[in-house]
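The values are calculated or read from the model by the stated rules, or taken from the named source; none is laboratory data. This is a predicted model, so every value here is computed, not measured. Because the Cβ atoms are built from the backbone with ideal geometry, glycine has one as well, and the counts that use them run over all protein chains shown.
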Amino acid sequence: MNDAPCQSRTPISDWNGFAFETRQVHAGEYRDANRGLRVPPVALSAGYVFEDFDDGVARFNSTSTDPIYSRQGNPTNQVAEQRLASLEGGSAAVTVSSGQAAITSAILTLAQTGDHIVSTASIYGGTRILFGRSIARAGIGVDYVWNIDDDDEWQRLIRPETKAIYTESVPNPLNDITDLRRIAEVAERYHLPVIVDNTVGTPALISPFAHGAHITVHSTTKFLSGHGAAVGGAIVDGGSFDWLAASRAGRSYPLITRSLRPGLGSYVDRFGSTAFAQAAREQVVNDIGPTFAAFNGFLLHQGLETLSLRMERHVDSSLRIAEWLEEQPEVLAVHYAGLPSNARYELAKRDYGGRTGAVFGVEVRGGEAGAKAFFNGLQIFSRMTGIGDTRSMVLHPLTSTHASFAPELNQRLGVTPGLLRLSVGLEHAEDLVNDLRGALDRVP
């Protein structure tokens with residue numbers, strides 16, 4: 001029987017099965033029980049009242065999803081977490097104070113002193129610094145694989161104490177996209193989870209889980225928020241890794257597979273496909289305290305509402321600019337996988353439809369002097385660190401993100417004196433082209 005014509009239908013609360021564009025607006029939202037607020041509000045409270053004794057027990061046993069303390073969870077942030085998990089195709093997400101906090105928390109959930117991580121070589125300079133400094137001080141080693149197609153190299157690097165493979169979907173700054181399927185094949189062979197930094201790719205362009213990854217991390221400061229107004233990070237659990245099978249194969253993940261105390265099951269027993277996310281939230285994020293501010297959580301879920309629209313504009317402009325730059329006599333190289341001339345173009349077509357984000361490198365003639373002239377000649381592009389803003393930005397990696405690396409390493413990474421990193425914003429593409437032309441006119 002059809003509903004009576006005047007009867008109000010119940011609003012949708014389960015957004016599974018809806019299109020990406022619909023879920024980015026609605027997933028995770030909840031009906032306000034007080035005044036009927038349409039936009040989930042900012043929950044500015046450090047703690048939360050228990051209904052009674054049993055409710056307190058339930059929250060601390062994780063049999064209740066209601067929050068305990070904002071260090072590990074907040075209603076505003078939960079909206080962003082559920083929305084991002086939906087868009088990424090994961091089982092759960094955990095928001096934290098920055099992208100670096102997301103990477104650190106993910107690794108500390110899997111590894112401890114004496115353990116080891118294998119990473120692809122081309123990753124963000126700040127992540128390399130994190131691995132070589134703070135992660136190393138925690139007693140966790142990191143080795144880098146340069147040729148992911150070389151089985152012998154993987155075999156040399158992966159040890160009994162290796163706990164994860166780390167990579168980026170769209171590496172920063174060279175846009176030298178990663179073959180996630182190939183890495184997933186290696187990971188399956190060695191019973192290892194794959195962590196993918198999907199900050200530059202974003203779920204609007206690629207879902208690492210669909211290509212065999214198990215965990216993603218994000219700097220939500222960038223494209224997910226989109227406005228550059230709030231620092232944040234997130235970890236997304238793909239829900240597909242078999243932690244018990246890995247343990248049986250000799251890969252131990254005690255925070256996930258062992259009980260915290262007598263009478264309480266392990267995280268795998270209690271949470272199943274969200275075991276990793278819950279262990280990260282309760283045993284790492286809660287302990288270390290990289291709290292995601294509620295107001296920043298609000299800005300994140302607001303930004304997610306327009307993600308696909310913004311990424312479409314970002315990428316359209318990036319393709320236009322990359323094609324134009326490739327034709328300019330002052331330009332030695334354009335590092336954008338979406339160009340037919342790029343060595344990774346076929347991979348870009350297969351996994352990205354040729355649309356590999358809005359962060360890429362351009363190398364100008366004249367070395368550092370040429371880069372300096374180009375950098376100082378820009379008027380619309382903001383000269384600053386950061387990517388993924390509405391505003392276009394430019395940075396010189398050799399004297400900033402990669403300044404602490406040995407010259408031999410930078411040379412091998414392709415970070416040359418004349419390389420500049422562009423992050424293409426939402427301005428009109430022709431205005432950006434004209435700005436770049438004016439800067440190139442200064443290159444000796």
So which residues in region 304-317 are within 20 Å of the chain's Cα centre (by Cα) and either surrounded by 21 or more Cβ atoms within 10 Å (Cβ to Cβ) or assigned to a loop (DSSP other than H, G, I, E, B) (or both)? Leu304, Glu305, Thr306, Leu307, Arg310, Met311, His314, Val315
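Among the residues of region 330-350, is there at least one that is β-branched (Val, Ile, Thr), in a loop (DSSP other than H, G, I, E, B) and modelled with pLDDT of 95 or more?
no
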Restricting to region 332-364, name every residue that is surrounded by fewer than 18 Cβ atoms within 10 Å (Cβ to Cβ) and of a type outside the set (Gly, Ala, Ser). Leu332, Pro340, Tyr345, Glu346, Lys349, Arg350
Within region 401-444, which residues are free of Cβ contacts under 8 Å to residues at least 40 places away in the same chain, of a type in the set (Gly, Ala, Ser) and under 19 Å from Pro171 (Cα atoms)? Ala403
Condition first: in a loop (DSSP other than H, G, I, E, B) and over 24 Å from the mean Cα position of the chain (by Cα). Now tell me which residues in region 399-422 satisfy that. Ala406, Thr416, Pro417, Gly418
Residue hits (region 423-435; in a loop (DSSP other than H, G, I, E, B) and within 26 Å of the chain's Cα centre (by Cα)) are Val424, Gly425, Leu426, Glu427
Name the residue that is nearest to the chain's Cα centre (by Cα), counting only residues in region 5-51 that are among the acidic types (Asp, Glu) and assigned to a loop (DSSP other than H, G, I, E, B). Glu29
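Okay, residues lined up against (1) in the same structural domain as Ile107 (by TED's automatic domain parsing); (2) within 29 Å of Thr356 (Cβ to Cβ):
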site	(1), (2)
Phe271	yes, no
Gln278	yes, no
Asn296	yes, yes
His314	no, yes
Leu325	no, yes
Glu330	no, yes
Output the residues belonging to region 211-223 that are of a type in the set (Gly, Ala, Ser) and buried (at least 24 other Cβ atoms within 10 Å of the Cβ). Ala213, Ser219
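Examine region 274-295 for a residue that is farther than 25 Å from Ile103 by Cα, modelled with pLDDT of 95 or more, within 22 Å of the chain's Cα centre (by Cα) and among the hydrophobic types (A, V, I, L, M, F, W, C), and state whether such a residue exists.
No, region 274-295 has no match at all.
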Can you tell me which of Gly73, Gly56 is in the same structural domain as Phe298 (by TED's automatic domain parsing), modelled with pLDDT of 90 or more, surrounded by 12 or more Cβ atoms within 10 Å (Cβ to Cβ) and not β-branched (Val, Ile, Thr)? Gly56
When Ser62 is evaluated against the numbered criteria (1) over 30 Å from Gly265 (Cα atoms); (2) touching a helix residue (DSSP H, G or I) at 6+ places or on another chain (Cβ under 9 Å), which criterion, by number, is the only one it fails? (1)
